[in-house]
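One structure is given here, and the rest of the page talks about it.
The values are calculated or read from the model by the stated rules, or taken from the named source; none is laboratory data. All values reported here derive from a predicted model rather than from experimental measurement. So basically every Cβ, Gly included, is an ideal-geometry build from the backbone, and we count neighbours across all protein chains shown. What goes into the accessible areas is simple: the full protein's heavy atoms, side chains included, and nothing from ligands, DNA or RNA. Shrake-Rupley method; radii C 1.70, N 1.55, O 1.52, S 1.80 Å.
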Amino acid sequence: MNIFSLDETLVIEAVAAVSPGWAPGEPEQAEGAGEAGAVGEAGAAEAAAERFARACWSGIAEPGDAVAGHLVSTLGAADALRCLVDRLPAASIIGLLQDAGGDAPNDAAVEAGLERWRPRLAASSALTALRQAHRCGARLVVPGDREWPAGFAGLGPHQPLALWVRGRPNAVLGLRSAIAIVGARAASGYGEHVAMELSAGLADRGFGVASGAAYGIDGMAHRSALASSGQTFAFLAGGVDRFYPTGHDALLARIAEVGVVLSELPCGSAPTKWRFLQRNRLIAAASLATVVVEAGVRSGSLNTAAHAAALGRPLGAVPGPVTSPSSAGCHRLLREFDAVCVTTAEEVVQLVAEPAPGQFQPELRGLPALEAPQRAGPRGDVAGPVGGRRRPAEHVRVLDAVSRRALRSAEEVAQRAGLSVGSAQAALGALGLEGVVEEKDGGWRAVPAG
């Protein structure tokens, strides 16, 4: 027998190696897997196929892909993947979604999704990712597992299709009492001092600290939690087998020893600007509250704040000197977006101690919903380098996918960016007119700045 054209035994062994809480023949409870209690060889193959399919989907669909999320949650990961393997047309897939009782996306959305996903359809890639995860001590967590963060449910179709975790067994459960501390990479001494005090204070009170492992505020929050013998959780924008930034390699290795490093991307995946912004929704969703310590007007931490507010999670911001550009983003959150002013760990705890009436109603916050999770600030798209103008998300993804040295075809750019070939060609054309990419000898490359 085989699973998605791969030998069944190889798939079951690879899945079992990164799923300590699951074993072939044991009852399986995973979203879309049906009734628990699948026992024996057939049951083991079915359960392994479901987990393996989620591992596949984590590399096929870009983070936050709502169409993929809807398809997987309605049909189950294995059946959704079979739709791709069997090359079913969009109309047939929509019929399956309707038969399953789900609200099917329109034909255009499903067709566009198929164009994005099919270039990445390679079951062997998922098998390689599973083996890499086993080598680095990572494990695969899927909905229905005990370790799956309950806060992800608020993301709806934008929630991760799988989670790759590197750290102590069951340490992910600590996210239930974690608070996110985020802020600028180019942090000031003031910002790092406040982040250190808040993180240590939360650790002393039994709260975990979640952040993105970046330089500046994120790194200080993690280090302070570790120094206080607290739990800390680092969300990465690439695979958990390749720590980023490289300057935090030792820090992330330490977090993996006593806390948890997490990603929704399979091992081997490279971090990109687009994925950093998508990663932020996980930090906001998994945490009880989000606190922005220091942020400029275009800081990526404002993106995390936007997600927290859209989810209805408590949002705090630390004030800074009115003359400091590094605090301008925090002041905007306080002035325009209903953030609570916090200056001590005790005040941060008060954000979650007594939820205000209606606090968890996203529509009350007035910030953008998660239909466009790529946005970098509370209002617009990702800022471009020319005159501060904001670039469409697809342009950002294409810029991430092109190289300054190697020529890449439109098809390869589309595969790397997780876009359809048509969308990639349109973005390349627009960026070519802007002068930031150029076509040469049938391929595209980025134009060096200056």
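General observations
- Among the residues of segment 251-264, those that are aliphatic (A, V, I, L, M) and either over 14 Å from GLY212 (Cβ atoms) or surrounded by fewer than 21 Cβ atoms within 10 Å (Cβ to Cβ) (or both) comprise LEU251, ALA253, ALA256, VAL258.
- Looking only at residues in segment 170-182 that are out of contact with any Pro (no Cβ under 6 Å at 6 or more places or on another chain) and under 18 Å from LEU252 (Cβ atoms), the one that is surrounded by the fewest Cβ atoms within 10 Å (Cβ to Cβ) is ALA171.
- Scanning segment 318-325 turns up no residue that is modelled with pLDDT under 90, of a type in the set (A, V, I, L, M) and open to solvent by 20 Å² or more (accessible area, probe 1.4 Å).
- Just so you know, in segment 409-450 the residues that are outside any helix (DSSP H, G or I) and of a type in the set (Ser, Thr, Tyr) include one that is nearest to ARG120 (Cα to Cα), and it is SER420.
- Residues located in segment 155-170, provided they are more than 16 Å from PRO63 (Cβ to Cβ) and in contact with a helix residue (DSSP H, G or I) (Cβ under 8 Å, 6 or more places away or on another chain): ARG166, GLY167, ARG168
- Candidate set from segment 67-92 (those that are surrounded by 14 or more Cβ atoms within 10 Å (Cβ to Cβ) and among the charged types (D, E, K, R)); member that is nearest to VAL142 (Cα to Cα): ASP79
- Every pair of residues 6+ apart whose Cβ atoms lie under 8 Å, when the first sits in segment 258-274 and is part of a helix (DSSP H, G or I) while the second is open to solvent by 20 Å² or more (accessible area, probe 1.4 Å): VAL258/ARG168; VAL258/LEU226; VAL258/GLN231; LYS273/LEU399; LYS273/ASP400; TRP274/GLN374; TRP274/ARG397; TRP274/ASP400
- Across segment 170-227, the qualifying residues are those that are in a loop (DSSP other than H, G, I, E, B) and within 27 Å of ARG146 (Cα to Cα), and the one among them that is modelled with the lowest pLDDT is ASN170.
- Scanning segment 271-279 turns up at least one residue that is surrounded by fewer than 24 Cβ atoms within 10 Å (Cβ to Cβ), touching an Asp or Glu at 6+ places or on another chain (Cβ under 8 Å) and within 22 Å of SER326 (Cα to Cα).
- Residue list for segment 93-131, restricted to those being of a type outside the set (A, V, I, L, M), in a helix (DSSP H, G or I) and open to solvent by 50 Å² or more (accessible area, probe 1.4 Å): GLN98, ASP99, ASP107, GLU111, GLU115, ARG118, PRO119, SER124, SER125, THR128, ARG131
- Residue count for segment 332-370 satisfying the condition of being at pLDDT 50 or above, surrounded by 13 or more Cβ atoms within 10 Å (Cβ to Cβ) and part of a loop (DSSP other than H, G, I, E, B): 6.
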